[in-house]
1. Taking the options VAL63, VAL53, VAL78, name whichever one is surrounded by 13 or more Cβ atoms within 10 Å (Cβ to Cβ) and touching a Phe, Trp or Tyr at 6+ places or on another chain (Cβ under 7 Å).
2. Mind telling me which of the residues VAL37, VAL25 ends up being closer than 30 Å to THR216 by Cα, among the β-branched types (Val, Ile, Thr) and surrounded by 12 or more Cβ atoms within 10 Å (Cβ to Cβ)?
3. Of the conditions (1) at pLDDT 95 or above; (2) of a type outside the set (Gly, Ala, Ser); (3) touching a Leu at 6+ places or on another chain (Cβ under 8 Å), PRO229 satisfies every one except a single condition; which number is it?
4. If you check ALA120 against the conditions, is it crowded, with 20+ Cβ neighbours inside 10 Å and part of a helix (DSSP H, G or I)?
5. Please work out which residue is surrounded by the fewest Cβ atoms within 10 Å (Cβ to Cβ), limiting yourself to segment 153-170 and to residues that are in contact with a helix residue (DSSP H, G or I) (Cβ under 9 Å, 6 or more places away or on another chain) and touching a residue at least 40 places away in the same chain (Cβ under 8 Å).
6. Quick one: what pairs do we get from segment 17-30, first residue in a strand (DSSP E or B), second loosely packed, with under 11 Cβ neighbours inside 10 Å, C-beta under 9 Å, 6+ apart or different chains?
7. Quick one: which strands (runs of 3 or more DSSP E) sit completely within segment 126-241 and have at least 3 residues that are within 17 Å of the chain's Cα centre (by Cα) and closer than 25 Å to ALA71 by Cα?
8. How many residues does segment 222-253 hold that are within 20 Å of ILE133 (Cβ to Cβ) and among the charged types (D, E, K, R)?
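The values are calculated or read from the model by the stated rules, or taken from the named source; none is laboratory data. Keep in mind that what you see is a predicted model, and the values were worked out from it rather than measured. Here Cβ is always computed from backbone atoms with ideal geometry, including for glycine, and neighbour counts include all displayed protein chains.
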Amino acid sequence: MLCPPAMPDCGADSFILALPIGCRVVNTTRGGESLWVETLRIKVELPDGTEQVFFKKGASGPVGLNMMKAAFESEKLVYSFIPEHTPKPVAYGSYHSQPDMHFYVAEYVEMDEEHPDPKAWAEVFVTLHKRSIGKSPGGKCGFHIDTHLANIPQDNTWNSSWEKFWAQTFRSMCEKEEVARGPDDNLTRVKKVFQEFVIPRYLRPLESDGRIIYPTLLHNDGWPGNIKPRKGSPNNLCLFDSCAVWGHSEGTY
């Protein structure tokens, strides 16, 4: 039995309760480098004497909680379509002793640091898109919560139009950029042209004259740092750190 997701009152060291009942923590080590979260690799011994390894990442504050929830919801859905290429998500929640500190736990996968073969890289995304096409709720673009690109929330409000969804996401990111860095007259002019002319010019034809876009599930952050070969198996790739959203299959690129 695993600790249910998002249970901040489930006891001291809440993330431990997300691990298999009766297990014993053997050791913990750094889980990897990250600018936005703290990471941990947790090796446990199960009651039958076998060992299992888990990955935990954590962040603080309201943004940290939203990041952990978004990670869980994203990875859970991606895993449902390509379990052979995704670490199995386990839980997310908040520490009992530190309510402002939050975590996400998944099964740990040992990976090599080499960049994957481009063809194998593409095949993983093609598999995700083929298996998920036509399964978006209501046939719409978006996601049921706002996912995060690193620590930046993405506006995933449901929209029946890919053009309008893409425009709302672009507008939301530009607004966050202006809040963080202040207004810039040149950038404001570029954004206006992009929104009024470029987006309609390139995306509207995809949904005109009877054409229909059937959304697929997008990983949405598929740079080579987020897809690695499993240790000792260079052709078996593992995809992680998704910022999932339903949209046009080429939107992830």
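1. Working: VAL63 fails: touching a Phe, Trp or Tyr at 6+ places or on another chain (Cβ under 7 Å); VAL78 fails: touching a Phe, Trp or Tyr at 6+ places or on another chain (Cβ under 7 Å).
Checking each option against the conditions leaves just VAL53.
2. Values: VAL25 fails: closer than 30 Å to THR216 by Cα.
Testing whether each residue is closer than 30 Å to THR216 by Cα, among the β-branched types (Val, Ile, Thr) and surrounded by 12 or more Cβ atoms within 10 Å (Cβ to Cβ) leaves just VAL37.
3. Failing condition for PRO229: (1).
4. When the stated conditions are applied, ALA120 does not pass them.
5. Selected residue: SER161.
6. Going by the 9 Å Cβ cut-off, the qualifying pairs are ARG24/PRO47.
7. Details: elements: 216-218, 227-230, 233-239.
The qualifying strands (runs of 3 or more DSSP E) are 216-218, 233-239.
8. 1
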